[in-house]
Structure formats: C-alpha cells, structure tokens
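The values are calculated or read from the model by the stated rules, or taken from the named source; none is laboratory data. None of the values given here were measured: they were computed from a predicted structure. For neighbour counting, all protein chains shown are included, and Cβ atoms are generated from backbone atoms with ideal geometry for every residue, glycine included. Heavy atoms of the whole protein, side chains included, go into the accessibility calculation; ligands, DNA and RNA do not. Shrake-Rupley method; radii C 1.70, N 1.55, O 1.52, S 1.80 Å.
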Amino acid sequence: MPPKFKFEKKEIIQTALDIVRAHGWQGLSARSIANELNASTKPIYGYFKSMAVLEEEVVKRIVNLLYNHMIQNRTGDPWHDHGIGYALFGFDEKKLFLAANDDRHVAHYREYGQIIWDRCTASLNDYPPFKGLSGDQIFTVQFLRWLMAHGLAFQAAIQPSGLYDEAIITEKMQIGSRAILRGLKMEFQSASS
C-alpha cells in the first residue's frame, strides 16, 4: 500500500506555482517546496517521479491562468479581450509568463497553449468581423494578432515597472487588432480580384 501523505498533489503543484511566481524556476526545488509546506521532500517524490514532471504541471497551471486572463470581459469584444488578456498576462504575471516561455518549458507551453488556442477560436465561430473569411484567412488573422500579443506580453514582462500599464496595453492591443484585421481583409480582397 502506498504511503499516505498529509498533502495532496494539487497543494504541491500550487506551492510550486507560487514559488515560480515569486522567484522564477531558479527558486524551485523539492527542498524549497518542502520548506514551504513544512514537510520533507518525500511527498513530492511520492506524487511526482521527477521535478521535470512537476514542472510540466506548473506550466499547465500557468496556461490555465493565461486562459482565465484571456476570457475576461474587458471591452465587450471577445477577440479584443483575448488579445488584451494575453498581453496583460505578461504584465500581471511577469515571472510566470517568462517561466512558461523559457527554453526548457516552452514545448509544454505550446502543447497546452494549443488547447486554449482551440477554445478561443471555437468561441469566435460566429464573430461578426470574421464573417466572409475562410478558415485559413481567420487562422492568418488570429496568428498575426497572436504574434503581436505575444510580443507585447514579452515586452511588458521584461521592461522595468512604469513603462507599461493596463491602459496602454489595452489601447495598443485594440489598435493593433483592428489594424491587423482591416489590413488583412484588404489583402485577402485584393488577392481574390
């Protein structure tokens, strides 16, 4: 019979997430988690065969937090809200955003990020500004806007405090989103004529 631990798996993942939020990956170890939980490292390795497995769970949680940021109603326009939420996540959760996008963890970020990409795309099936666009065209619009949001999120995450704020990010994302959609619609029309 496996040993019983006084902590559940989800508590260990949350503690690991909190450590990464405060200190980045360099602050995360089985010992740092055990110290936070006032326990030994045994429960950690009882639930996770390695720290790499636990780190993947942390990335999964980061992506869930990102998704929750993206689906918040900020403007009443879901497509704008997705982009604004993405960029604001880099601003609000600097260390988590950078942690999920580092060389060791970005593959997990992409894997779980694909799930939220699919959810967000599905939520826009009847989005009026996309009316008349093919699936490939919508993908192009979404992808180019994601590049913009991702770049802005990175800038917000790495810049010193005071350079960006929520209002600036919101304004720039809306301007950029409209420009991308308008410009690509014109490009698609000229390509078809």
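Out of all the residues in the stretch 39-86, which are more than 18 Å from T170 (Cβ to Cβ), small (G, A, S) and part of a loop (DSSP other than H, G, I, E, B)? Break it down stepwise before answering.
Within the stretch 39-86, the subset more than 18 Å from T170 (Cβ to Cβ) is 39-65, 67.
Keeping just the survivors that are small (G, A, S) gives 39-40, 46, 50, 52.
Correct list: A39, S40, S50.
Tally the residues that are in contact (Cβ under 8 Å) with a residue 40 or more places away in the chain and within 22 Å of A99 (Cβ to Cβ), restricting the search to the stretch 37-60. Spell out how you get there, then give the answer.
Residues of the stretch 37-60 in contact (Cβ under 8 Å) with a residue 40 or more places away in the chain: 46-47, 54-60.
Then drop every residue that is not within 22 Å of A99 (Cβ to Cβ), which leaves 47, 54-60.
Residues that pass the stated criteria total 8.
Take the residues of the stretch 1-33 that are outside any helix (DSSP H, G or I) and open to solvent by less than 80 Å² (accessible area, probe 1.4 Å): which is modelled with the lowest pLDDT? Talk me through it step by step, then tell me what you get.
Looking only at the stretch 1-33, we keep the residues that are outside any helix (DSSP H, G or I), and these are 1-8, 24, 28-29.
Subset that is open to solvent by less than 80 Å² (accessible area, probe 1.4 Å): 3, 5, 7, 24, 28-29.
Working: P3: 50, F5: 56, F7: 76, G24: 96, L28: 97, S29: 96.
Ranking the candidates gives P3 first.
If I filter the stretch 78-89 for residues that are at pLDDT 95 or above, open to solvent by less than 10 Å² (accessible area, probe 1.4 Å) and among the β-branched types (V, I, T), do I get at least one hit?
Yes, there is a match, as at least one residue in the stretch 78-89 is at pLDDT 95 or above, open to solvent by less than 10 Å² (accessible area, probe 1.4 Å) and among the β-branched types (V, I, T).
Please state which of the following conditions N125 fails to meet, knowing it meets all the rest: (1) closer than 17 Å to H69 by Cα; (2) over 12 Å from the mean Cα position of the chain (by Cα).
Result: N125 fails condition (1) only.
Can you tell me which residues in the stretch 87-113 are within 12 Å of the chain's Cα centre (by Cα) and either β-branched (V, I, T) or assigned to a loop (DSSP other than H, G, I, E, B) (or both)?
Quick first cut of the stretch 87-113, residues within 12 Å of the chain's Cα centre (by Cα) only: 87-101, 106, 108-113.
E93, N101, V106, listed by residue number.
Restricting to the stretch 169-193, what's the tally of residues that are exposed (fewer than 14 other Cβ atoms within 10 Å of the Cβ) and of a type in the set (A, V, I, L, M, F, W, C)?
Selection size over the stretch 169-193: 4.
Would you please name the residue that is nearest to Y86 (Cα to Cα), looking only at residues in the stretch 139-175 that are among the hydroxyl-bearing types (S, T, Y) and either part of a helix (DSSP H, G or I) or modelled with pLDDT of 95 or more (or both)? Even if it seems obvious, please write down each step before you answer.
To start, the set of residues in the stretch 139-175 that are among the hydroxyl-bearing types (S, T, Y) comprises 140, 161, 164, 170.
With either part of a helix (DSSP H, G or I) or modelled with pLDDT of 95 or more (or both) added as a condition, the list becomes 140, 170.
Details: T140: 18, T170: 10 Å.
Checked the stretch 139-175; the qualifying residue nearest to Y86 (Cα to Cα) is T170.
Identify all residues within the stretch 155-164 that are surrounded by fewer than 16 Cβ atoms within 10 Å (Cβ to Cβ) and touching a residue at least 12 places away in the same chain (Cβ under 8 Å); write none if there are none. Before the answer, list the steps.
Within the stretch 155-164, the subset surrounded by fewer than 16 Cβ atoms within 10 Å (Cβ to Cβ) is 158-163.
If the condition is that a residue be surrounded by fewer than 16 Cβ atoms within 10 Å (Cβ to Cβ) and touching a residue at least 12 places away in the same chain (Cβ under 8 Å), then I158 is the only one that fits.
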